[in-house]
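The values are calculated or read from the model by the stated rules, or taken from the named source; none is laboratory data. No experiment lies behind these values; they were computed from the predicted model shown. Here the Cβ positions follow ideal geometry from the backbone for every residue, glycine too, while neighbour counts run over all protein chains shown.
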Amino acid sequence: MTTSEKQAIDHPTFALVKAAFPSSTFQATQFRDQPTLIVEPADLHKVMSFLKNDENCTYDFCSDVTGVDYLDYPAKTQGRFAVIYNLCSYSRTDRFFVKVFLDPSLPTDGIENDPALVVDSVCDLWPGVEWPEREVFDMYGIRFTNHPDLRRILLWEDYPAHPLRKDYPLRGRGERENYRIVDRTSS
């Protein structure tokens, strides 16, 4: 066992979460000294609340929320999409990642609201994640329940897809064909 593998097993936050939620299923990984806890979607909000409020964890800042599409990923994953939270503890200068996997139940080539692509919002814990959650919704179509203002943030409301999904065409679906081409002679 390498030193980094031992650190992944011995990271104190992993043990604290497992002790606080003995009936929940978790996975823990560490890559380049960055610990990641993989949580089931139903457990996300209570685990995040614990990570913020427990005196031994005190992850008092959620610096980022992002999405990932694992379509055609060479390694097997637990779901096609993931939502990843980047947590920081100012008192320990420690960083901790929490990941939730989601698998779509509908075809992903449109804008349908897939009931399987839903996870709880953590805006009530960290109000600053309101816009990053909106961006994940806009780009990937993952909905956040109890979000105070879940609407598109980068694209217009009627945009017919979620462009960071890997099955979205590289050239788009015709949304650029109506724009006037500007070159050096037309200015």
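Does any residue of the range 31-49 turn out to be aromatic (Phe, Trp, Tyr) and modelled with pLDDT of 95 or more? Step through it out loud before you land on a result.
The initial filter retains those residues of the range 31-49 that are aromatic (Phe, Trp, Tyr), namely 31.
Those left that are additionally modelled with pLDDT of 95 or more: none.
The answer is no; no qualifying residue exists.
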| request: May I ask you to verify whether Trp131 is buried (at least 18 other Cβ atoms within 10 Å of the Cβ), over 15 Å from Pro41 (Cα atoms) and hydrophobic (A, V, I, L, M, F, W, C)? | output: no
| Within the range 12-30, considering residues that are outside any helix (DSSP H, G or I) and touching a helix residue (DSSP H, G or I) at 6+ places or on another chain (Cβ under 7 Å), the one modelled with the lowest pLDDT | Gln30
| said: Conditions first: (1) in contact (Cβ under 8 Å) with a residue 60 or more places away in the chain; (2) within 23 Å of Pro104 (Cβ to Cβ). Val68 passes all but one, so which condition is the exception? | reply: (1)
| task | Check off (1) of a type outside the set (A, V, I, L, M, F, W, C); (2) surrounded by fewer than 14 Cβ atoms within 10 Å (Cβ to Cβ); (3) in a strand (DSSP E or B) for Lys99 and give me the number that stays unchecked. | result | (2)
| field | Failed condition for Pro148, given (1) modelled with pLDDT of 95 or more; (2) surrounded by 16 or more Cβ atoms within 10 Å (Cβ to Cβ) | value | (2)
| task | Would you tally the residues in the range 44-65 being in a strand (DSSP E or B) and either aliphatic (A, V, I, L, M) or surrounded by 18 or more Cβ atoms within 10 Å (Cβ to Cβ) (or both)? | result | 2
| query | For the range 98-144, what are the residues that are under 26 Å from Thr58 (Cα atoms), without any contact (Cβ under 8 Å) to a residue 60 or more places away in the chain and out of contact with any Ser or Thr (no Cβ under 9 Å at 6 or more places or on another chain)? | reply | Cys123, Pro127, Trp131, Arg134
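Could you grab me the full set of residues in the range 66-85 that are touching a Ser or Thr at 6+ places or on another chain (Cβ under 6 Å) and either crowded, with 18+ Cβ neighbours inside 10 Å or outside any strand (DSSP E or B) (or both)?
First pass over the range 66-85, keeping only residues touching a Ser or Thr at 6+ places or on another chain (Cβ under 6 Å): 70, 84.
Scanning the range 66-85 gives a single hit, Tyr70.
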